[in-house]
Amino acid sequence: MTLQRKGYIARNTSLKPSGPIKRKKAKRKPPPTKTQLRRKCDILHGRIIRAQGYCSRCGRTQNLQRAHIFSRSYRAIEFDDRNCLCLDSACHVYFTHHPVEWEIWVQERIGLETYYELRAKAMTHVVPDYRELLAELTARCATL
Ligand SMILES: [Zn+2]
């Protein structure tokens, strides 16, 4: 039995030097897209809002979520703290299915002045500078 058949020597191994090792040129990482930056902001802002530690409606401390008063599709106020509340998942689901109760509860909680300020800001449709916002949220998260 040859050494090759016993598995001591790999088959088809060339003993000839293969020449200089070719390295792939290191590709520079493209800058993050707006969507990627926004996603990172989203994770950090959720962490900040949930750091309250309890549901603003019932006080439970499990399954906390960030709830938006006005839809997050209004990018101008998506990451505005005033537009977010910490709720547990049960209360979040309840309010999602009871929008009138949500509106009344929120208005009582934050006051009509803030409520209308947020609404006006939403209507500006000004999208934040996500790079700047990310730096700000990162700094805030570091102090949690
Ligand atoms: Zn709750």
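Within the straight-line cut-off of under 13 Å between alpha carbons, none of the aspartates and glutamates are reachable from Lys22, sequence neighbours fewer than 8 places apart in one chain being disregarded. For the chain, the dipole from Cβ point charges (+1 on Lys and Arg, -1 on Asp and Glu) about the Cα centre works out to 2140 debye, to the nearest 20. Taking a ≥ b ≥ c as the square roots of the eigenvalues of the Cα gyration tensor, segment 48-135 is classed as oblate, since a/c reaches at least 1.5 and a/b does not exceed b/c.
Using just the helices of the chain, give the 222 nm mean residue ellipticity in deg cm²/dmol: DSSP H runs with n ≥ 4 each add -39,500 (n - 2.57), and the total is spread over all residues, rounded to 500. Rounded to the nearest 500, it is -13500 deg cm²/dmol. When the chain is treated as a GNM with alpha-carbon contacts under 10 Å, the residue of Ala51, Ala67, Ala26 showing the greatest mean-square fluctuation is Ala26. Ranking of Lys25, Lys121, Lys34 by neighbouring Cβ atoms within 10 Å, starting from the fewest: Lys25, Lys34, Lys121. Per-residue Cβ neighbour counts within 10 Å put Tyr130, Tyr74, Tyr94 in the sequence Tyr94, Tyr74, Tyr130, beginning with the fewest.
No lab work stands behind these numbers, since they all come straight from the coordinates. Keep in mind that what you see is a predicted model, and the values were worked out from it rather than measured. Every residue, glycine as well, gets a Cβ built from its backbone with ideal geometry; the counts of neighbours run over all protein chains shown.
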